[in-house]
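Notes for the one structure printed next.
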Amino acid sequence: MALIDRHHCVNLRAGRMHGLTSQDDLAALFENLAGHRNRATLALYFHGGLNSRDDGLARCNHMLPWLMEAGAYPVFFAWESAYGEVIGNQLAATLGEPLFHTLYAHYLGFARNKIRGANVRGEAADPGLRQTMLAAIDGTIETEAALTPDERRRLYSIKRREASQFETALLNDPALRRHCAERLGNHADDWGRHSLNEALRQPGGNKGPTRIDPLAVLAMLAIEVLTRVFSRFATGRDHGMRATIFEELAHALMAGKFLSGPFALMKHQIDQAFAANASEFGGSAFLERLRQLQAAGHRPRILLIGHSAGAIYVCRFIEAARNLLPDQRVDVVLLTPGVSFRRFAATLDTGMQAIGNFRSYALDERTEELDPLDANPMVRALYPRSTLYFASGVLEYDSASEDAGDLPLLGMQRYFNRQAIYNDPAITKVRDYLAQRPDRQVWIARDGEFGEIGHAAIEDNPLMRRHLARIVSCGFDA
């Protein structure tokens, strides 16, 4: 793969200038910008998270020619966040673990039996609705049936008798006992909140055989997972049965720690890019060069484009720019933004006046549900939801937060459609901001004008490129 022109790339690793970018390279970039025919519009592009260096550079190479043709001077922030490989390996290990599969099957069986045996609606069972909900669990349709809040609470409450029966089924499963013993032997330190390693340790040390049954400890943990899964359904904060089971089970078995940990580090490194030392940290160094350019009399229009987790970078850029360039206004385009409402609301608190025009392009709720995290059939069977669902339910997981397993993200329409459920001040603030102009939000339908489109390569969609090119050349009102 040909390397991107250094005049159009800021290469960062852990927030620091790296590889293609040194202070001399940055100076040359701004010197080239000052004399370039497209110097009037500086378009900064931040790719999504969890990308390797080559992935980021490949995306830059694809986008450079048509952004130049549209009249922009593009600069691509190729921020190396290759934790995607770490997360991908952990996901594969989780999906390949027999214990996970066996527990997962128990949860699905419980859910099916609960729906088959319950009065789904009122005092009389609704066979059609019941079959729709069973089909949703089994994956033949993609969405859960719509229920009123009272119906959800009634249907998804876990009775003591049901929990006891579920526990008994686990304790009497010989395959589960075998997988539990194997996992305890191989991964004794990976059990999370209910560490089997600790549970099996005798009060007086490790003398003599233990009297605690590992499967009994696992069964207690499994009841907690069951409660969390169905509590999310009862409150309307589920991601569908299969996805919700996956999310809660993964975190209970500590697989979630190895999925969310790299993502948290990635966000820390975004902050680090704007640390005070502009001789080392790329975001701060870029802003200092931009300040010098403005002091020399050149004030280009700045357009920030952020895809997925790149939206977090855009937020951080706006906040940092407010300190160094207090009079600078920026236009913003977010593509399937993977930034939380809370994070974006904080940016509005500190930098709303710096945002001139704003637009978010994201998949509508139905299209989001149908956009798979992975094309692998095994992944789709266990986790049939999208990249942003995975970010909301797994990567952004914080067990201490009321949003654990369902962190509201700006690029997901469900958090706009369900205002009775999602109504905290940060969400309300963002909704109000976006509602001030109807063109600030574009929801893309699967069968609409954009045609086939998904999260991963949204910039490759021909109509999306035309939208972005028009914003570059003619502005947001064209």
Expressed per residue, the solvent accessible area of the chain in Å² (1.4 Å probe) is about 42 Å²
Need one number: convex hull volume per residue for the range 43-113, Cα atoms only, in Å³.
119 Å³
Within a Cβ distance under 9 Å of G393, other residues only, what is the Lys/Arg minus Asp/Glu net charge?
-3
Among W443, P74, S399, flag the residue with its Cα farthest along the positive direction of the charge dipole of the chain, charges on Cβ as +1 for Lys/Arg and -1 for Asp/Glu.
S399
Under 14 Å, Cβ to Cβ, from G109 - net charge with Lys/Arg +1 and Asp/Glu -1:
0
Note: the chain at 4 °C, 1.567 mPa s; Kirkwood Rh on alpha carbon pairs; Stokes-Einstein D in µm²/s works out to 53 µm²/s
Residues with beta-carbon under 10 Å from that of L33, excluding L33: net charge, scoring Lys, Arg +1 and Asp, Glu -1?
+1
Note on the chain, DSSP bridge orientation, antiparallel percent to nearest 5 equals 15 percent
Full extension from A276 to L370: what is 0.36 nm times the residue separation minus their Cα-Cα distance, to one decimal in nm?
29.6 nm
Assigned charges on the beta-carbon of Lys, Arg, Asp, Glu; the chain dipole about Cα centre (debye):
640 debye
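The values are calculated or read from the model by the stated rules, or taken from the named source; none is laboratory data. Computed from a predicted structure; not experimentally measured. Counting neighbours? That spans all protein chains shown, and the Cβs are built from the backbone with ideal geometry, glycine included. The protein model used for the area step is the full one, side chains on, heavy atoms only, and it has no ligands, DNA or RNA in it. Shrake-Rupley method; radii C 1.70, N 1.55, O 1.52, S 1.80 Å.
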